[in-house]
Amino acid sequence: MSDALFNHPRDLAQGWYWLCASAELRRGQVKALRLLGRDLAVYRGEDGAVVALDAYCAHMGAHLAEGRVEGNHLRCFFHHWRYAADGRCDEIPCQPGTPPAKARVRCWPTAERYGLVWLWTGAEAAHGVPEVPELAGMECRSWRVSRFRKNCHPNVVLINAIDEQHFHSVHNLPGEVLQMQPLPRGTSNIEFHNVGKVPARNVWWRLIGRCYRNALTYNLSYWYGSTGFVTLGPDFLHCHILFALRRGDAGETQGCTVALTRRRSGLFGALFDRVVLALTAAVGAYFARGDTRVFQTIRFDLRTPIAADRAVLAFIRHFEQQPRADWQDGATDTAATRHLHPVAGADR
Ligand code: FES
Ligand SMILES: [Fe+2]
């Protein structure tokens, strides 16, 4: 197996990954979720906070999602050991006193943003869930547009949006319109800004050109090679789309598209936001559908890069320097390996 992180079938960059929609997890509900090869029991306690624990009970390995939520705790179905939100077992019904230190499962930091539940793949999150650069610090409205699957790695899906050549060959845009400039912003974040201008080649394009004082707005902010924000639209109204991606067990991409806008106040503001989100959703759905044929069959291998691939190469170079997630220890490839090598979460 190669040491490269890019397009890796198991390793992943440290970061926030989407788990499920917030609305899918009610108070008092527990769900079995599988994220990036790892089984989790995710629940929402009475206080409304989402807790993500490694799935298998420290006692005998029952899946904790078979159990029930009690207040802010999770009780295993099998012998009723009770777990606190930090993964510690704090009650063993048939044994008085404090449970042994080994009686714990790993717990993962979670957050909720843009109508999604997110999980950080390490002990402590290095930062909050990423934001759209233009909307940083603002309150947002979100609209979950769709879920989708692509038969390739999330890294490859993200590359599509910075692949200048294909906008010309697949989407029929004039070649000079999109020229993506890479702007690394930090260890886990790289932005790409379009510096290409709208050509004055006919009436239609001249009309479009009036909407842009400088370059045609098409800016991206990529995190962990898996989550991308796209900002586009005329100078007077920018649309923001979140593509939250993660890798499934078969190496496929499991994606979620969310339309975003800043929250405007008042009734009129709320109505206006609805319209903007509906427009954004239509654009987002087009993006999510785009190039599907290629993603079904591609075996990504950039053997012959040319000058027009420089944004793609910048993305790969930046991604390779990102810290790997502390995640594989405890991840299992298939249900079969899980039975052969039971995961004992207690020691971690
Ligand atoms: S397996 Fe969970 S309490 Fe026994
Ligand atoms: Fe495309």
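Conditions (1) assigned to a strand (DSSP E or B); (2) buried (at least 18 other Cβ atoms within 10 Å of the Cβ); (3) outside the structural domain of Arg104 (by TED's automatic domain parsing), marked per residue:
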| site | (1), (2), (3) |
| --- | --- |
| Ala4 | no, no, yes |
| Asn7 | no, yes, yes |
| Arg10 | no, no, yes |
| Arg27 | no, no, no |
| Ala32 | yes, no, no |
| Ala41 | yes, yes, no |
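Screening Thr292, Thr257 for residues that are away from ligand 1 (no atom under 16 Å from the Cβ), modelled with pLDDT under 95, of a type in the set (Val, Ile, Thr) and within 23 Å of Arg185 (Cβ to Cβ) leaves exactly one candidate, Thr257. Just one of the numbered conditions (1) of a type outside the set (S, T, N, Q); (2) at positive phi; (3) without any contact (Cβ under 8 Å) to a residue 24 or more places away in the chain is not true of Lys197: (2).
Selection over the stretch 168-194 of residues that are buried (at least 19 other Cβ atoms within 10 Å of the Cβ), part of a loop (DSSP other than H, G, I, E, B) and modelled with pLDDT of 95 or more gives a count of 1. In the stretch 195-211, the count of residues that are over 16 Å from Ala311 (Cβ atoms) and either assigned to a strand (DSSP E or B) or within 16 Å of ligand 1 (Cβ to nearest atom) (or both) is zero.
Does Gly48 satisfy the criteria of being more than 16 Å from ligand 2 (Cβ to nearest atom), in contact (Cβ under 8 Å) with a residue 40 or more places away in the chain and in a loop (DSSP other than H, G, I, E, B)? Spelling it out, it is not the case that Gly48 is more than 16 Å from ligand 2 (Cβ to nearest atom), in contact (Cβ under 8 Å) with a residue 40 or more places away in the chain and in a loop (DSSP other than H, G, I, E, B). When you scan the stretch 113-121, do you find a residue that is surrounded by fewer than 21 Cβ atoms within 10 Å (Cβ to Cβ), more than 15 Å from ligand 2 (Cβ to nearest atom) and assigned to a strand (DSSP E or B), even just one? Scanning the stretch 113-121 turns up at least one residue that is surrounded by fewer than 21 Cβ atoms within 10 Å (Cβ to Cβ), more than 15 Å from ligand 2 (Cβ to nearest atom) and assigned to a strand (DSSP E or B). Number of residues in the stretch 204-226 that are closer than 20 Å to Gln181 by Cβ and under 11 Å from the mean Cα position of the chain (by Cα) equals 3.
Arg75 passes every criterion in (1) in contact (Cβ under 8 Å) with a residue 12 or more places away in the chain; (2) within 16 Å of ligand 1 (Cβ to nearest atom) apart from (1). Taking first residues from the stretch 152-171 that are assigned by TED's automatic domain parsing to the domain that holds Val312 and more than 11 Å from ligand 2 (Cβ to nearest atom) and partners that are assigned to a helix (DSSP H, G or I) and not aliphatic (A, V, I, L, M), the Cβ contacts under 7 Å between residues at least 6 apart in sequence or on separate chains come to Cys152/Phe295; Asn155/Phe319. Among the residues of the stretch 263-284, those that are in a loop (DSSP other than H, G, I, E, B) and either exposed (fewer than 11 other Cβ atoms within 10 Å of the Cβ) or free of Cβ contacts under 8 Å to residues at least 60 places away in the same chain (or both) comprise Arg264, Ser265.
Being within 28 Å of the chain's Cα centre (by Cα) and modelled with pLDDT of 95 or more: is that true of Asn160 here? Answer is no for this residue.
Each residue in the stretch 80-100 was checked for being over 32 Å from the mean Cα position of the chain (by Cα), assigned to a loop (DSSP other than H, G, I, E, B) and surrounded by 14 or more Cβ atoms within 10 Å (Cβ to Cβ), and 3 pass. I want to confirm something. Restricting to the stretch 165-181 and keeping residues that are under 25 Å from the mean Cα position of the chain (by Cα) and not aliphatic (A, V, I, L, M), which single residue is farthest from Ala307 (Cα to Cα)? Among them, the one singled out is Phe167. In the stretch 285-303, the residue that is farthest from ligand 2 (Cβ to nearest atom) out of those that are without any contact (Cβ under 8 Å) to a residue 12 or more places away in the chain and not in a helix (DSSP H, G or I) is Arg303.
The values are calculated or read from the model by the stated rules, or taken from the named source; none is laboratory data. Computed from a prediction, not measured in an experiment: that's the story for all the values here. Reconstructed Cβ throughout: ideal geometry from the backbone, glycine too, with neighbour counts over all protein chains shown.
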